[in-house]
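Novice: Dropping the structure in here first, questions after.
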Amino acid sequence: MTVDIDKTADPQDTPPGGPEAIKAIPVRHYGRYVSAVIAIAIFVSIIYAFAQGKINWDAIPDYFFDDRIIKGVGQTMLLTVLSMVIGIAGGILLAVMRLSRNPVTSSIAWFYIWFFRGTPVLVQLVVWFNLGLVFEYINLGPIYKDEWSSFMTPLLTALLGLGLNEAAYMAEICRAGLLSVDEGQTEASHALGMSHSKTLRRIVIPQAMRVIVPPTGNEVINMLKTTSLVSVVQFAELFRYAQDIGQSSGAPVEMYFLAAAWYLVLTSVLSVGQYYIERYYARGSSRSLPATPFQKIKANMLSLSNRSGGGAKA
């Protein structure tokens, strides 16, 4: 906002009724208008190009709630949850090992993180699936014994490939969260007679959650999308079912768009859950919590109603 003030006016010329009201002139941001027009034009041109393409868009709603697609969505969510459970549990364990004063456990954790973060997930999945070339049988004594090809099912391959890889990333996230807690908290706990494990469970980890939760939410969303890679090890999930339907219906590209739409729906739901979890753990770190989407909508509606009411009275 710019203010138009007459600096040449004599203070003695002020009218008896008091000073005149200051006239505020809003500043016009022409750059914003131009950039908005360019962005809208690019967006419209992209939509127009897709609309004119040789794509049968009617096939997408026809198969959107197909039984195979719904089953694939369920398999994708199951694989995401199980892989993240393995990744989070392994990440916490590796983070504690990494921070240990024992050089052996610390070195093992460092090597694990270095190896699994340094190799692609797709390569790890294929290696797990073909380990029968190294281990012909798996022998656990009286508990279990079978051929590796029978033991390493597509589901187990997917869980090991995704879960163990995720553990390496979660280890660094958890380690950063643990290091964010002030050392005085640990020293005070030890002074009160608490053991190291109890200090971690009751003091350090609850405070570290504020730092751990946001990137963990991002890892969950990333894991959901990464599950599409397990189709190479013959595990049927959303992307694999979409491929099969595309081959049988003669609309492979349309089914890829269908899978992308389902991934967008699932990630949007997870993003909402991530927002509320982050808001929950931010209670002790900020004086006022950010407004939820529903609170923002309610505030905007009240503001509009107040403006319309004021205009009617005027």
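The values are calculated or read from the model by the stated rules, or taken from the named source; none is laboratory data. Just so it is clear, the model here is predicted, and its values are computed rather than measured. Neighbour counts are summed over all protein chains in view; Cβ atoms, including those assigned to glycine, are modelled from backbone coordinates with ideal geometry. Protein only, heavy atoms only, side chains kept; ligands, DNA and RNA dropped before computing areas. Shrake-Rupley method; radii C 1.70, N 1.55, O 1.52, S 1.80 Å.
Novice: Per-residue HN-Hα couplings for segment 182-198, Karplus 6.51 cos²θ - 1.76 cosθ + 1.60 at θ = phi - 60°, whole Hz, x for Gly and Pro?
Specialist: 4, 5, x, 5, 5, 5, 5, 5, 5, 5, 7, x, 7, 6, 5, 5, 5
Novice: Give the accessible area for residue 68 in Å² (nearest 10); use a 1.4 Å probe, count only protein heavy atoms, and leave out ligands, DNA and RNA.
Specialist: 100
Novice: Follow-up question, since we're still on this one. Candidates [x] 30, 26, 17; [y] 52, 36, 17; [z] 35, 21, 20; which is the computed semi-axes √(5λ) of the Cα gyration tensor in Å?
Specialist: [y]
Novice: From the phi angles alone, apply the Karplus equation (6.51, -1.76, 1.60; θ = phi - 60°) to segment 228-244 and give each ³J(HN,Hα) in whole Hz, x where the residue is Gly or Pro.
Specialist: These are the phi-based 3J(HN,Hα) values: 5, 6, 6, 5, 6, 10, 6, 8, 8, 9, 4, 5, 5, 5, 5, 4, 4 Hz.
Novice: Students often forget the sequence filter, so: which aspartates and glutamates lie under 20 Å Cα-Cα from residue 23 once same-chain residues fewer than 8 apart are removed?
Specialist: The reachable aspartates and glutamates, counting only those whose Cα sits under 20 Å from residue 23, are 4, 6, 10, 13.
Novice: Probe 1.4 Å, all protein chains in place: accessible area of residue 194 in Å², nearest 10?
Specialist: The accessible area of residue 194 comes to roughly 40 Å².
Novice: Shifting gears a bit: Which order do you get for 67, 244, 182 if you rank them by accessible area with a 1.4 Å probe, largest at the top?
Specialist: The residues order as 67, 182, 244, largest area first.
Novice: If you don't mind, there's one more thing I want to ask. Leaving out ligands, DNA and RNA, what percent of the accessible area of the chain is carbon and sulfur, probe 1.4 Å?
Specialist: 64
Novice: Hey, another quick one. Chymotrypsin sites (Phe, Trp or Tyr not before Pro) within segment 106-212: which are DSSP loop residues with at most 13 other Cβ atoms inside 10 Å?
Specialist: 135, 144
Novice: So what are the ³J(HN,Hα) numbers for segment 250-262, from phi and the Karplus equation (6.51, -1.76, 1.60; θ = phi - 60°), rounded to whole Hz, Gly and Pro as x?
Specialist: Values per residue, Gly and Pro as x: x, 10, x, 5, 4, 6, 5, 5, 4, 4, 4, 5, 5 Hz.
Novice: Oh, and also: Distance between Cα centroids, segment 168-239 to segment 27-66: provide it in whole Å.
Specialist: 39
Novice: Solvent-accessible area per residue for the chain at a 1.4 Å probe radius, Å²?
Specialist: Accessible surface, normalised per residue, equals 66 Å².
Novice: Okay, next question. For residue 295 and residue 264, what does the FRET efficiency come to when R0 = 35 Å and r is the distance between their Cβ atoms, rounded to the nearest 0.05?
Specialist: My answer for the efficiency is 0.90.
Novice: Another one. List residues of segment 69-96, by number, whose backbone nitrogen lies under 19 Å from a label position 7 Å along Cα→C-beta of residue 276.
Specialist: Flagged as within label range: 81.
Novice: Output the relative contact order of the chain, whole-number percent, from Cα pairs under 8 angstrom with separation of 6+ residues.
Specialist: Over the chain, the number comes to 20 percent.
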